[in-house]
Amino acid sequence: MDEIVLRSMLKWPDVPAVYGWLSLDRRGNWMIKTVAGRFERIANAAVREFIGRNYAADAEGRWFFQNGPQRVFVALDYTPWVYRLDDAGQGLVAHTGAVPRALDAVFLDDAGAALFKTELGIGVLLDRDLPTVLERMSDSRGGDAERLIEDILHGAEEQVMLQGKNVPITSVRAADVPRRFGFVARPAPRAGEAEC
């Protein structure tokens with residue numbers, strides 16, 4: 001977190017949290033609720049970067065943006081992280097700009113999305129990069145990606161060669177993702193908690 005944010009948290013420790021005003025869409029865009037009640041993409045690059053640097057989760061798996069002394073909880077359209085291929089098309093980059101060190105596992109969901117588990121956490125792969133990633137996949141026996149995907153979606157657990165190493169790949173139901181990976185998609189205030 002930014003130093004200015006940490007200092008403001010110490011100076012004003014009891015500022016009520018905000019719910020329902022910030023969301024993260026499946027493409028990694030920060031969306032803010034307007035006065036009219038609609039969500040619009042935050043276009044200002046400096047604001048997006050500030051949110052990304054100060055993005056974290058609490059012990060309950062509720063993701064938030066620490067805006068000075070105030071926590072702004074984030075509604076997640078799917079996962080807390082959105083990954084994309086880097087500009088060279090080789091590594092991964094998160095929607096915050098963070099670069100994961102290692103890919104730990106791959107999951108294919110029942111809606112046709114790929115999810116990656118890294119040390120940052122679980123995240124959906126940006127849809128535009130899915131074809132490229134699927135083309136590069138091969139199972140540990142050298143089989144083609146099409147057959148591998150079909151086997152995975154029918155319940156098989158395999159190893160796939162991706163980013164130069166074998167990683168486990170299996171299927172997951174999209175509805176089970178928050179519980180399985182320990183996050184809250186739609187944070188809400190606790191009983192008795194003050195909110196803005």
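The values are calculated or read from the model by the stated rules, or taken from the named source; none is laboratory data. Every value quoted in this text rests on a predicted model; they were computed, and no experiment measured them. Positions of Cβ are generated from backbone atoms using ideal geometry, with glycine treated the same way; all protein chains shown enter the neighbour counts. To get the accessible areas, we keep the full protein, side chains included, count just its heavy atoms, and leave off ligands, DNA and RNA. Shrake-Rupley method; radii C 1.70, N 1.55, O 1.52, S 1.80 Å.
Filtered by the rule that a residue be open to solvent by 20 Å² or more (accessible area, probe 1.4 Å), in a loop (DSSP other than H, G, I, E, B) and within 18 Å of Pro80 (Cβ to Cβ), segment 43-66 gives Asp58, Ala59, Glu60.
Scanning segment 30-42 for residues that are open to solvent by less than 90 Å² (accessible area, probe 1.4 Å), within 19 Å of the chain's Cα centre (by Cα) and not aromatic (Phe, Trp, Tyr) yields Met31, Ile32, Ile42. Scanning segment 67-124 for residues being open to solvent by less than 10 Å² (accessible area, probe 1.4 Å), assigned to a strand (DSSP E or B) and not aliphatic (A, V, I, L, M) gives a total of 6.
Pairs are defined by a Cβ separation below 6 Å, a sequence spacing of at least 6 or placement on different chains, a first member in segment 85-104 that is on the phi > 0 side of the Ramachandran plot, and a second member that is of a type in the set (Gly, Ala, Ser); the pairs so defined are Gly97/Gly52.
Of the residues contained in segment 32-48, none is found to be in contact with an Asp or Glu (Cβ under 9 Å, 6 or more places away or on another chain), over 27 Å from Arg179 (Cα atoms) and small (Gly, Ala, Ser).
Considering segment 125-136, and only residues there that are hydrophobic (A, V, I, L, M, F, W, C) and more than 15 Å from the chain's Cα centre (by Cα), the residue that is surrounded by the most Cβ atoms within 10 Å (Cβ to Cβ) turns out to be Val133.
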